[in-house]
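Below is one structure, written out as C-alpha cells, with a few remarks after it.
The values are calculated or read from the model by the stated rules, or taken from the named source; none is laboratory data. Source: prediction; values computed, not measured. Virtual Cβ from ideal backbone geometry, glycine too; neighbours counted across all protein chains shown.
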Amino acid sequence: MKTFLTAALLILFIGNIGAVDIESYQFIDFIRAISAPAKPEIYEDGVVFTASSSHKRVGISFAHEGYAKVHWFRRLMVPRDQAELFVNGRFQKSVNPNLDSGIMFHIQAIPLNLKNMDYRMIIDGLWTTDPVNPLSVSGSLGILESRVPLAGYSASVYQKEPEASQAAKMQGTCSFSFKAAEGETVTVCGTFNNWDPFMYELIETRPGFYSLTLPLPPGTYQYAFYYRGEKIPDPANANMRYSRDGRIVSEAVVR
C-alpha cells in the first residue's frame, strides 16, 4: 500500500525538497491530511505552502533568495478508491487512478540561521501576498510580504554549515538609476522578478534622479524600466539584448 500511495504522490514531488523524506509514512499521512489550502506549516526541515488547485498556475518567490527565482506549485493528486478501479475483478483502464485533491503545494527547505521566511506569491500571473497566511509585513523596499516565523525551529543534521556559508557569500547587489521629471513613479523589472512591473519602485534620491539597489545572486539579468506606462531599456547602459518577446532590454551582470 505504501508503494502505491508514494507513487501517486511522486508525480508531483520531482525536484529539490531538502531533507524531507517523501517516502515515509509520516510524510504521506501529513500531506494527505491537508483538506484545504491553509497557512504554511513547518515539516521537518521544510515549509509546506498550499493553494487551491482551482488556479491555473501558482508560484512562490522568497526574500532570502533575493526574489530572483520563482518556485512553481504542484498539484496534489490522491489515489482513487480501489473499488472504482476494479469492477468484477477487472481493472478499468478508462478510469484515471488519481484524483485532484483540490490542493496545490510547494515545499521549501529552511536555510540555516533564518529567523523569518518572507515571500510573495504569483497567482495566475499576479504577484500578491499569500491569501491563506494572515501574517504579512512591509519588506525592505516597502512592498507587502507574507511571513513564516521560524522562531524555535532547530535545523537538523541534514543541513550543513559549509553549504549555508557558501550561499551567503554568493549574494551580490545590482544598482539601477534613471533620470526623469520630478515627482514621477519609476519601476524596474526583469528576469530577477519574472518581469513584474510593480514590485520594485525606484526612490527619488534627489530631484529628477531615481535609484534602487537590489540584492541578487551572481548571474546575468535582463531588465527594463517602466515610466509613464512605457517599458524602457536603461539609457545609461549600452549593453542591450532582445528579450523573449522581441523587445529591446538592458543586460546587467552581478558578480
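Could you tell me whether the range 28-45 includes any residue that is farther than 16 Å from residue 110 by Cα, surrounded by fewer than 19 Cβ atoms within 10 Å (Cβ to Cβ), of a type in the set (Ser, Thr, Tyr) and at pLDDT 70 or above? Yes, the range 28-45 contains a residue that is farther than 16 Å from residue 110 by Cα, surrounded by fewer than 19 Cβ atoms within 10 Å (Cβ to Cβ), of a type in the set (Ser, Thr, Tyr) and at pLDDT 70 or above.
Of the residues that make up the range 244-251, is at least one touching a Gly at 6+ places or on another chain (Cβ under 7 Å) and surrounded by 13 or more Cβ atoms within 10 Å (Cβ to Cβ)? No: the range 244-251 contains no residue that is touching a Gly at 6+ places or on another chain (Cβ under 7 Å) and surrounded by 13 or more Cβ atoms within 10 Å (Cβ to Cβ). Of all residues in the range 32-53, those satisfying the criterion of being of a type outside the set (S, T, N, Q) and part of a loop (DSSP other than H, G, I, E, B) are 33, 34, 36, 37, 38, 39, 40, 44, 45.
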